[in-house]
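Working notes for the structure below.
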Amino acid sequence: MLKVKRMSMYLFLAVAAFVSIFPFLWIIVSSTNPSVDVTRGRLLPGTYFLTNLGNLLDSADILGAMKNSLIVSVSTTLLALLIASLAGYGFEIYRSKAKDIVFNVLLLSMMIPFAAMMVPLYRMFGKITNLIPLIGIDTLAAVVLPTMTTAFLIFFFRQSTKMFPKELLEAGRIDGLSELGLFFRVYVPTMKTTYAAAAIITFMSSWNNYMWPLIVLQTPQKQTVPLLISTLGSSYAPDYGLIMLAIVISTVPTALVFFVMQKHFVAGMIGSVK
């Protein structure tokens, strides 16, 4: 009876894994086929990979879009980790009623949908363009600034800081470290799993961000990968093999980041501190 239950569990997990991974496998297979075979639902690899790659490089600036996405994603991730961890650390370590009120207001901001903030944000950056063009409309900085930290990330760091051993801070103060020294030399190395989990979440979210870049970026030279793929699919006769190849290429950076840091990601998500 136990063997039957175990086999049933493995069978269910195998089916669930196949259903989860099948769309990505189909995209990989489709990237090797011409557009007509993709529309027919061909499930066997073809011989059009190099042709699709050549057409992609000729018809779209995929390398430029990848560069723009990397600049935006890496900048957003680094700034988000610094700002959110400082905020989460401060809210938890230096607690007061006033700070708790501010933190609750931050949590309430999570309930505001981005669609409600698009117009005010665009108008604000429109005015900034006249004053500081380097961070105004149609700049990569305008994509980074509104997303460089989130209430969720601050909440995530604060919750993880609850498990941080406060004795380390007291020992650091006895050794003469300043408050910033405690943060950078004690807190940051100890919470590396939390930073890894936050980095993966932020990088993937920034890489796949579509709506705000679509609004604020106005020239093809500044477009990110999601915008490029959207442009490829909006033509009168889209080449689906070429689009599938662009999707495969666009998933490589996020997949690499996740697989390299997956152990730290799991540990960070369950709040462990090593």
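Applying the selection to segment 113-123, what residues are over 11 Å from P146 (Cα atoms) and more than 20 Å from the chain's Cα centre (by Cα)?
A116, V119, P120, R123
From L82, L44, L57, which residue is at pLDDT 90 or above, open to solvent by 20 Å² or more (accessible area, probe 1.4 Å) and not small (G, A, S)?
None of the other options fit; the residue is L82.
In segment 156-187, how many residues are surrounded by 12 or more Cβ atoms within 10 Å (Cβ to Cβ) and more than 26 Å from the chain's Cα centre (by Cα)?
Of the residues in segment 156-187, 11 are surrounded by 12 or more Cβ atoms within 10 Å (Cβ to Cβ) and more than 26 Å from the chain's Cα centre (by Cα).
Would you call A87 more than 19 Å from M211 (Cα to Cα) and within 22 Å of the chain's Cα centre (by Cα)?
Yes, satisfied.
For segment 88-110, enumerate the residues that are β-branched (V, I, T), more than 22 Å from P146 (Cβ to Cβ) and free of Cβ contacts under 8 Å to residues at least 40 places away in the same chain.
I101
List, please: which pairs have Cβ atoms under 6 Å, are six or more places apart or on different chains, and start with a residue in segment 123-152 that is under 23 Å from S85 (Cβ atoms) and touching a residue at least 24 places away in the same chain (Cβ under 8 Å) and end with one that is of a type outside the set (F, W, Y) and outside any helix (DSSP H, G or I)?
From residues that are under 23 Å from S85 (Cβ atoms) and touching a residue at least 24 places away in the same chain (Cβ under 8 Å), the pairs are A151/M110.
Report yes if some residue within segment 248-257 is in contact with a Pro (Cβ under 6 Å, 6 or more places away or on another chain), in contact (Cβ under 8 Å) with a residue 60 or more places away in the chain, surrounded by 14 or more Cβ atoms within 10 Å (Cβ to Cβ) and assigned to a helix (DSSP H, G or I); otherwise report no.
Looking through segment 248-257, none of the residues is in contact with a Pro (Cβ under 6 Å, 6 or more places away or on another chain), in contact (Cβ under 8 Å) with a residue 60 or more places away in the chain, surrounded by 14 or more Cβ atoms within 10 Å (Cβ to Cβ) and assigned to a helix (DSSP H, G or I).
The values are calculated or read from the model by the stated rules, or taken from the named source; none is laboratory data. All values derive from a computational prediction rather than experimental measurement. Don't worry about glycine lacking a Cβ; one is built from the backbone with ideal geometry, like all the others, and counts go over all protein chains shown. When the accessible area is computed, the model is the full protein with side chains, heavy atoms only, and any ligands, DNA or RNA have been set aside. Shrake-Rupley method; radii C 1.70, N 1.55, O 1.52, S 1.80 Å.
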